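S.K.: First the structure, then my questions, so here it is.
Each value in this text was obtained by applying a stated rule to the coordinates, not by laboratory testing. All figures in this text were calculated on a predicted structure; none of them were measured in a lab. A quick note on method: Cβ atoms are made from the backbone with ideal geometry, for glycine too, and the neighbour counts reach across all protein chains shown.
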Amino acid sequence: MGMTVKTEAIVLRSIRYGEADRVLHLYTLDRGRVGAIAKGVRRTRSRFGGRLEPFFRVDLVLHEGRGDLLTVTSAHTVAGFRHLREDAGALDAAARACEATGRLFDTGEPHPAVFHLLCHQLALLDADPAMATHANALAFRLKLLVAAGLAPQLGSCASCGEPDHLTGFSGAAGGVVCAACEASAFALDEDAHEFMVTALNSSLADAPTAPAGALRQAERAILETVEHHAHLHLRPAMRG
């Protein structure tokens, strides 16, 4: 018989399947990440119209049967984020935000805070495509790390607890390290450290700026944290 699932979702990815169908990767409010099939969606007269494209926020009704994929039976647009689709930088930033979310949170366990964080990021990019900056993308990823329980330790040495002389970052240790513990670390400048602290304590709309070198160091810290503790390799937050 199966069951009916009603939930809001962000379409992370859409893949052609067969002659007229699409397989969707969804991040949902109530079920975490799920896979679904939209049958006949590529036909001209599809009842779904263009509502199941990547980055759409939609209200869905899904049928859960015996297979791994749910089946979309109804879809209504909550937000189409049309403006971000008109800017190459914003579109790329949206794709990378969705990819990072889907990879860090790849189970059926719901994380409402993550769903709303992704919705907020897409809304910011849609309202002002100029928000598609390296600083904004890194601020978003830092907040994802917090939600995943991977927030880097920034207030004291992650190895010994020393509160001063924090000169490096160690992905293995999970945060900043002092001069005495920096054998396996890379140098982290004061600007990079300050950016990470401020970004974690600010809204996405108020993400701080920093020199390009500091942002590169902050990105390395994020990527190494994910690699060591989530065993994932994420793409850079922005196209090089």
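S.K.: Let me check I have the definition right: for region 61-141, take the eigenvalues of the Cα gyration tensor, multiply each by 5, take square roots. What are those semi-axes in whole Å, largest first?
M.R.: Equivalent ellipsoid semi-axes, largest first: 26, 16, 10 Å.
S.K.: Jot down the radius of gyration and Dmax of region 1-127, Cα atoms only, both in angstrom.
M.R.: Computed over the Cα atoms of region 1-127, radius of gyration and Dmax are 13.8, 45 Å.
S.K.: Put +1 on the Cβ of each Lys and Arg and -1 on the Cβ of each Asp and Glu in the chain; which of Ala123, Thr73, Val197 then has its Cα farthest toward the positive end of the dipole?
M.R.: Thr73
S.K.: For region 117-178, what are the per-bin percents of Cα-Cα distances with bins 5 Å wide, up to the bin holding the maximum?
M.R.: All Cα pairs considered, the percentages come to 4, 18, 19, 17, 14, 11, 10, 6, 1.
S.K.: Take every Cα pair under 8 Å in region 3-79 that's 6+ residues apart, average their separations, divide by the length, and report that relative contact order as a whole percent.
M.R.: On the way: 184 pairs, mean separation 25.6, N = 77.
Computed over region 3-79, the figure is 33 percent.
S.K.: Of the peptides 219-226, 3-10, how do they stack up when ordered by the mean number of other Cβ atoms within 10 Å, highest first?
M.R.: The peptides rank, most packed first, as 219-226, 3-10.
S.K.: Set the Förster radius R0 to 25 Å, insert the Cβ-Cβ distance between Ala88 and Asp30 as r into 1/(1 + (r/R0)^6), and round the FRET efficiency to 0.05. Intermediate values should be presented prior to the final figure.
M.R.: Details: r = 33 Å, r/R0 = 1.31.
Taking R0 as 25 Å, the efficiency between Ala88 and Asp30 is 0.15.
S.K.: While we're here: Could you tell me the relative contact order of the chain? Use alpha-carbon pairs under 8 Å, at least six residues apart, and round to a whole percent.
M.R.: Reported as a whole number, the value is 15 percent.
S.K.: Quick one: dipole size for region 84-229, taken about the Cα centre, charges +1 on Lys/Arg Cβ and -1 on Asp/Glu Cβ, in debye to the nearest 20. Write out the running numbers ahead of the final one.
M.R.: Details: 7 positive and 19 negative charges, 55 e Å.
Computed charge dipole of region 84-229: roughly 260 debye.
S.K.: Of the options Phe48, Ala179, His165, report the single residue whose Cα projects farthest towards the positive end of the charge dipole of the chain (beta-carbon charges: Lys, Arg +1; Asp, Glu -1).
M.R.: Result: Phe48.
S.K.: Output the 0 to 90 degree angle, nearest 10, between the alpha-carbon long axis of helix 190-200 and the longest principal axis computed from the alpha carbons of the chain.
M.R.: Tilt of helix 190-200: around 40 degrees.
S.K.: Return one quarter of the surface area of the convex hull spanned by the alpha-carbon atoms of the chain, equal to its mean projected area, in nm².
M.R.: Taking the Cα atoms of the chain, their convex hull projects to 13.8 nm² on average.
S.K.: Over the Cα atoms of region 178-218, how large are the radius of gyration and the largest Cα-Cα distance (Dmax), in Å?
M.R.: When restricted to the Cα atoms of region 178-218, Rg and Dmax are 11.7, 37 Å.
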